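The values are calculated or read from the model by the stated rules, or taken from the named source; none is laboratory data. All of these numbers come straight from a predicted model, not from anything done at the bench. Virtual Cβ from ideal backbone geometry, glycine too; neighbours counted across all protein chains shown.
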Amino acid sequence: MITSDGKIIGKNFGGKYMYVVDEQGMIRIGTRAQQHMPHPTLTGGLDPTVRAAGEVDIRAGQIYSINNLSGHFRPSPDSLGTIYNAFSRLPDNAFKADFRGFQVFYF
């Protein structure tokens, strides 16, 4: 959920969260709830199909960085295009002025 001023949830919302981009291209962001909860919990099912997965770092309600780090899905560097396309649909003010970009991890 993005507020009218571009904040993710609210101005004080922050931390590292897992995300997936589902088959429809929708971004689903969630928390591990201080447990070892893998990325599939965001989409349900035993072995869901996703187009991309990783972590998003949110600071003061805005996106600071995005990566493809998912031990469960182990997305290829090619998934970065999917990640970029999904997140680029968000308004510019959803990103920090010093946005660190899209960081690629190789598995």
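Points worth noting:
- Top-ranked residue of the range 41-61 - restricted to ones that are within 20 Å of Asp98 (Cβ to Cβ) and either among the hydrophobic types (A, V, I, L, M, F, W, C) or surrounded by fewer than 21 Cβ atoms within 10 Å (Cβ to Cβ) (or both), ranked as farthest from the chain's Cα centre (by Cα): Ala60
- Residue check, Gly81 over 21 Å from Gly15 (Cβ atoms) and either touching a Lys or Arg at 6+ places or on another chain (Cβ under 9 Å) or not in a loop (DSSP other than H, G, I, E, B) (or both): yes
- Conditions (1) buried (at least 16 other Cβ atoms within 10 Å of the Cβ); (2) within 19 Å of Phe95 (Cα to Cα); (3) at pLDDT below 90: number failed by Gly30: (1)
- Some residue of the range 63-72 being exposed (fewer than 13 other Cβ atoms within 10 Å of the Cβ), modelled with pLDDT of 85 or more and under 21 Å from Phe13 (Cβ atoms): no
- Candidate set: the range 86-103, residues that are assigned to a helix (DSSP H, G or I) and under 12 Å from the mean Cα position of the chain (by Cα); chosen: the one nearest to Gly61 (Cα to Cα): Phe87
- Meets criteria (modelled with pLDDT of 85 or more and loosely packed, with under 14 Cβ neighbours inside 10 Å) for Ala97: yes
- Meets criteria (out of contact with any Gly (no Cβ under 9 Å at 6 or more places or on another chain), among the charged types (D, E, K, R) and at pLDDT below 90) for Glu55: no
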